[in-house]
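Following: one structure in structure tokens, then a few remarks.
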Amino acid sequence: MPSPDSSAVAGDSSTSPPAAVGSGARLVIGLLLLGITAGVVGIWYQRGQTRRCLAFYGPEAARMVTSAPVVEVWALAPTAESGVLVAVKRADVSQAPGLVHLRRGLVEDANFRWQGRPSTEAGRLPAESWDRALVFADPAAGRPPVVLVIDLVEGASAAAGVGVGELGSLAVVGRPGRIGLGRISRGLERWLRGQP
């Protein structure tokens, strides 16, 4: 028999209150469901942010833009043969400051000026219009590099009283169409000028 000073109550052999039984399992299940919901919402949101760029670049090219281990900047110039460009200067920028942000910016829809559809052959720019190229390559994978050509439109921008790059365009070599540089234009132009 317990002493009168004892805190034990006759007939109560459990050490935890009955309400606590099973509440840990419910908490874990609730947190798991919350995590899954947050993951699905995050994927849906991210897809909405990059949907048009993925369609424009193509899935494989978009993957190369975001993760290729070798990135180069080429300065382009026309040759004597009409419609042909050559790289007159090449620089490896794989470790350049700001490249991670540039990669991200190149696949976000909000950074470009979108029309109903990317400009087609009717809106094709002459080869001489393209100033620079960003080349994304993965030599270990054995895939061809992804080449993005960029038109900063320096002369036309200055004549129109618009900032450098605001009228520019971007195209993927080997894919139809081009898109207008939008919010990314000034940062892209500044980043390109800062490269060797």
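Before moving on, here are some points about what is shown:
- Residue 47 being at pLDDT below 75, over 22 Å from residue 173 (Cα atoms) and not small (Gly, Ala, Ser): yes
- Residue check: residue 93 meets all listed conditions (1) over 19 Å from residue 178 (Cα atoms); (2) exposed (fewer than 14 other Cβ atoms within 10 Å of the Cβ) but one, namely (2).
- The combined condition, being under 25 Å from residue 101 (Cβ atoms) and either part of a helix (DSSP H, G or I) or at pLDDT 80 or above (or both), is not fulfilled by residue 122.
- Look at the range 87-105: where a residue is closer than 16 Å to residue 186 by Cα and a partner is of a type in the set (D, E, K, R) and part of a loop (DSSP other than H, G, I, E, B), sitting 6+ places away or on another chain with Cβ atoms under 9 Å, you get 105/183.
- Positions within the range 68-77 being surrounded by fewer than 17 Cβ atoms within 10 Å (Cβ to Cβ), touching a residue at least 24 places away in the same chain (Cβ under 8 Å) and assigned to a strand (DSSP E or B), in sequence order: 70, 75
- The range 127-146 residues that are closer than 11 Å to residue 173 by Cβ, paired with ones that are among the charged types (D, E, K, R) (beta carbon under 7 Å, 6 or more apart): 130/151; 135/72
- Exactly one residue out of 100, 65 is assigned to a helix (DSSP H, G or I), closer than 21 Å to residue 181 by Cα and touching a strand residue (DSSP E or B) at 6+ places or on another chain (Cβ under 7 Å), and it is 65.
- Test: residue in the range 106-117 that is small (Gly, Ala, Ser), farther than 15 Å from residue 191 by Cβ, at pLDDT below 90 and surrounded by 15 or more Cβ atoms within 10 Å (Cβ to Cβ): no
- Enumeration of residues in the range 78-97 that are among the aliphatic types (A, V, I, L, M), farther than 13 Å from residue 147 by Cα and in a strand (DSSP E or B): 88, 91
- Meets criteria (outside any helix (DSSP H, G or I) and either modelled with pLDDT under 90 or under 26 Å from residue 191 (Cβ atoms) (or both)) for residue 11: yes
- Count of the range 78-89 residues which are loosely packed, with under 15 Cβ neighbours inside 10 Å and more than 25 Å from residue 142 (Cβ to Cβ): 8
- Of all residues in the range 139-154, those being among the charged types (D, E, K, R) and either in contact with a Phe, Trp or Tyr (Cβ under 7 Å, 6 or more places away or on another chain) or at pLDDT 95 or above (or both) number 1.
The values are calculated or read from the model by the stated rules, or taken from the named source; none is laboratory data. Please read all numbers here as calculations on a predicted model, not as lab measurements. Heads up, the Cβs are rebuilt from the backbone with ideal geometry, glycines too, and the neighbour counts pull from every protein chain shown.
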